Amino acid sequence: MTAPLGKGVQDTVIKTTEPILEVKNLTKHFPIKAGIFQRTVGHVKAVDGVSFFVNKGETLGIVGESGCGKSTAGRTLIRLYEPTGGDILFKGKNISKMSEGELRRSVRKDIQMIFQDPYASINPRKTLGSIISEPMITHHLYNRQERREKLSELLEMVGFNPSFINRYPHEFSGGQRQRIGIARALALNPDLIIADEAVSALDVSIQAQIINIMQDLQAELGLTYIFISHDLSVVRHISDRIAVMYLGKVMELAPKKDLFEEPLHPYTQALLSAIPVPRKKGVQARERIVLKGELPSPANPPQGCVFHTRCPAATDICRNAVPEFKEVKKDHFVACHLF
Ligand SMILES: Nc1ncnc2c1ncn2[C@@H]1O[C@H](COP(=O)(O)OP(=O)(O)OP(=O)(O)O)[C@@H](O)[C@H]1O
Ligand SMILES: [Mg+2]
């Protein structure tokens, strides 16, 4: 991979052990409505009691199959969705019950999101310059001259030629549009960026380029990332620690190396067994673990451990009791009765 910003900043990453975000028992249930009176007949338990923290300057990856609640978790923790329960502490402040006005004044700027399809959220009739400047105008940040300076700084940060300023979104490729999305997110000097499938729609070589830009910017600006993807190899590349989700719950959370070298949860083991490993002399290839049965619905998750219906190691206790999410080794958390 080439580093587009070419600063070799990898060594200067400042990572602390001071949490910038703490999520405690976060829950988001969507009501299921039916009939002519639109009565609530049930709930989709999209996120169901999730706890984790993110340290300043690090990247926490969130991975899991489609529908396990990754996007809902990302949106709920910044209050794009109203949480059903739980606490969200951002820079020590509990934002889970803050009013919209207070959120706008004190945290909205500090947390930005990057989505899979930046084209969907940008106005095709606006130029690159006005798309990136828009958040600064909306938030009354800087005067006109300062905005112009900030704009050229942002363009440079994501590797755009300043002469592109008057071009329209349709003139850009997928990777360039994602760089517009990043520049726009950075316009407000955020501390935390939540990237939800930010590179999932791009070709592998472009994915690498975007990830490199994100890593360089992280080192340069001290950014903290939550990087959400269904693609374990992408998450592996960028993350310091990884949370594995299944049916609305975090099953395992560990530093990347520990998770890959010693996955503890049977679900994580199955996920890892599905990704190809480069063959090394003397290293046994992982045996592919094929999970039995179908993925249950989050509207009707299994009792006890939500994974028990597909778990090769399930016993009676798994069918009856919800396993506690606990730290079984230093920094290695798992929700499984085997531990
Ligand atoms: N606004 C909503 N209203 C009702 N149900 C929703 C809503 N958003 C998500 N869900 C449901 O919540 C569950 C979790 O969805 P979510 O989009 O968070 O999963 P995901 O892990 O991001 O999946 P993917 O990998 O496909 O992006 C799914 O069953 C989904 O259908
Ligand atoms: Mg999603």
| field | Alpha-carbon centroid distance for the pair the stretch 199-265 / the stretch 104-151, whole angstrom | value | 25
| task | Determine how large the accessible area of residue 177 is when every protein chain is in place; take a 1.4 Å probe and give Å² rounded to the nearest 10. | result | 50
| Got a sec? Charge dipole of the chain, +1 on Cβ for Lys and Arg, -1 for Asp and Glu; which of 111, 264, 328 is way out at the positive end? | 111
| 16 Å Cα-Cα reach of residue 93 towards aspartates and glutamates, excluding residues that sit fewer than 8 places from it in its own chain | 18, 22, 102, 110, 191
| If one takes the longest principal axis of the Cα atoms in the chain, at what angle in degrees, from 0 to 90 and to the nearest 10, does the Cα axis of helix 174-186 lie? | 80
| said: Taking the 0 to 90 degree range and rounding to the nearest ten, how far is the long axis of helix 128-138 tilted relative to the main principal axis of the chain, both from C-alpha atoms? | reply: 80
| task | Under 1.5 on a/c is rounded, so check that first for the stretch 173-239, then, if it is not, pick prolate when a/b is larger than b/c and oblate when it is not; a ≥ b ≥ c are the square roots of the alpha carbon gyration tensor eigenvalues. | result | oblate
| Toward the positive end of the charge dipole of the chain, about the Cα centre and with charges on Cβ (Lys, Arg +1; Asp, Glu -1), which of 60, 129, 209 goes farthest? | 129
| query | Measuring with a 1.4 Å probe in the full set of protein chains, what accessible area per residue, in whole Å², belongs to the stretch 1-160? | reply | 53
| Mean-position separation - Cα centroids, the stretch 28-82 and the stretch 301-325, in angstrom | 21
| What share of all Cα pairs of the stretch 17-139, in percent, falls into each consecutive 5 Å distance bin? | 2, 9, 16, 18, 17, 16, 12, 7, 3, 1, 0
| said: Given bins 10 angstrom wide, list per bin the percent of all Cα-Cα distances in the chain, short to long. | reply: 5, 23, 32, 24, 12, 3, 0
| query | Tell me, what is the per residue accessible area of the stretch 199-325 in Å², probe radius 1.4 Å? | reply | 48
| Sorted by accessible area (1.4 Å probe), largest first, how do 97, 28, 109 line up? | 97, 109, 28
| task | For the stretch 150-298, calculate the relative contact order in percent as a whole number, restricting contacts to Cα pairs under 8 Å that are 6 or more residues apart. | result | 15
| query | Rounded, prolate or oblate: which one fits the stretch 211-320, using the alpha carbon gyration tensor with axes a ≥ b ≥ c (rounded when a/c is under 1.5, else prolate when a/b beats b/c, else oblate)? | reply | oblate
| query | If you place +1 on the Cβ of every Lys and Arg, -1 on the Cβ of every Asp and Glu, and leave all else neutral, what size is the dipole of the chain about its Cα centre, to the nearest 20 Debye? | reply | 460
| Solvent-accessible area, 1.4 Å probe, carbon plus sulfur percent, for the chain | 51
| field | Entries in 24/330; 256/326; 56/256; 28/330; 97/326; 257/292 that, when Cα-Cα distance is taken, lie over 21 Å | value | 28/330; 97/326; 257/292
| message | Using a 1.4 Å probe on the protein heavy atoms only, what accessible surface does residue 168 show? Give it in Å² to the nearest 10. | response | 90
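The values are calculated or read from the model by the stated rules, or taken from the named source; none is laboratory data. Everything numeric in this text was worked out from a predicted model, so none of it was measured. Here Cβ is always computed from backbone atoms with ideal geometry, including for glycine, and neighbour counts include all displayed protein chains. Heads up: the accessible areas ignore ligands, DNA and RNA and are worked out on the full protein's heavy atoms, side chains in. Shrake-Rupley method; radii C 1.70, N 1.55, O 1.52, S 1.80 Å.
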